[in-house]
Amino acid sequence: MVSVKLLKPYYIKMNAEYIRVILAYQYFSLIINKKVYHFIPIEGQEILVNRNTKKVVNTETKFAFQNGNDVVYLTMKKLVSLKDFMAQLDEIIQPYEKHLQKNKMVKDEVDDQTALFMKELERKNILRMIDKALDEKDENAFRELVSLM
């Protein structure tokens, strides 16, 4: 029986694609067969989460845990299968997901403003072309342009 006793990141790095949860000794410990095993950074040292899918990417990475002289190795695949591990990991990365969502909302808002600006420019351009058609007494161009409004 394996359960998570403590999972705290040493620090977190973030880029456009991934959230990297860096682990260190005494910040991550498991209870394995009623004994506490502390993470030791001799193998894998980070949890790599895809920001778009929110899935752990480095599932084959091995992590080492020590209790006295006893060292146990677990893959990320095994850790991801633990409900309490995933619950704690979700809690850790949640603020970074919100940051991503906020950035996406800002980008969407900028895209919407750009689209509105382009429509307004197109409308003003049609109005100028209508004025030009009136000045030149071009009835066909005038009717065609008015139909675009």
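Could you list, in sequence order, the residues of the range 5-31 that are closer than 20 Å to Thr59 by Cβ and either among the small types (Gly, Ala, Ser) or over 19 Å from the mean Cα position of the chain (by Cα) (or both)?
Leu7, Leu23, Phe28, Leu30
Across the range 17-54, what is the total count of residues that are among the basic types (Lys, Arg) and in contact with a strand residue (DSSP E or B) (Cβ under 7 Å, 6 or more places away or on another chain)?
Within the range 17-54, residues that are among the basic types (Lys, Arg) and in contact with a strand residue (DSSP E or B) (Cβ under 7 Å, 6 or more places away or on another chain) number 3.
Can you tell me which residues in the range 1-56 are more than 16 Å from Ile92 (Cα to Cα) and among the β-branched types (Val, Ile, Thr)?
Val2, Ile31, Ile32, Val36, Ile40, Ile42
Name the strands (runs of 3 or more DSSP E) wholly inside the range 1-103 in which the number of residues that are among the aliphatic types (A, V, I, L, M) and modelled with pLDDT of 85 or more is 3 or more.
2-7, 18-22, 28-32, 46-50, 70-75
The values are calculated or read from the model by the stated rules, or taken from the named source; none is laboratory data. Bear in mind that the values here come from a model prediction, so they are computed numbers and not experimental data. Ideal geometry is used to build each Cβ from the backbone, glycine not excepted, and the neighbour counts take in all protein chains shown.
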